[in-house]
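Peer 1: Have a look at the structure that comes next, please.
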Amino acid sequence: MGRGRQKAKHTKVARELKYFSPETNYSALERELATKSSAESEEDMWAEYADKYDIEDEEDEN
């Protein structure tokens, strides 16, 4: 396929994506945003891993 045909195809796809607007489910979005903040849950998750895998290196003990 030549460069002109390839560019035309990419332009067509880009135009379709630009003007495509799917139907938005606002109630599902509201439920997702109303959940516990990600910062708090992420902090708890990493604290759990830190306790579980808290192994000191042998080099640090010297």
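Peer 1: Which one of the conditions (1) modelled with pLDDT under 90; (2) surrounded by 10 or more Cβ atoms within 10 Å (Cβ to Cβ) does Arg3 fail to meet, given that it meets all the rest?
Peer 2: (2)
Peer 1: A further question follows. Is it the case that some residue within the stretch 51-62 is among the aliphatic types (A, V, I, L, M) and either at pLDDT below 90 or in a loop (DSSP other than H, G, I, E, B) (or both)?
Peer 2: Within the stretch 51-62 (the criterion being among the aliphatic types (A, V, I, L, M) and either at pLDDT below 90 or in a loop (DSSP other than H, G, I, E, B) (or both)), the answer is yes, since at least one residue qualifies.
The values are calculated or read from the model by the stated rules, or taken from the named source; none is laboratory data. Just so you know, these numbers come straight off a predicted model, no measurement behind them. Backbone-built Cβ (ideal geometry, glycine too); neighbour counts: all protein chains shown.
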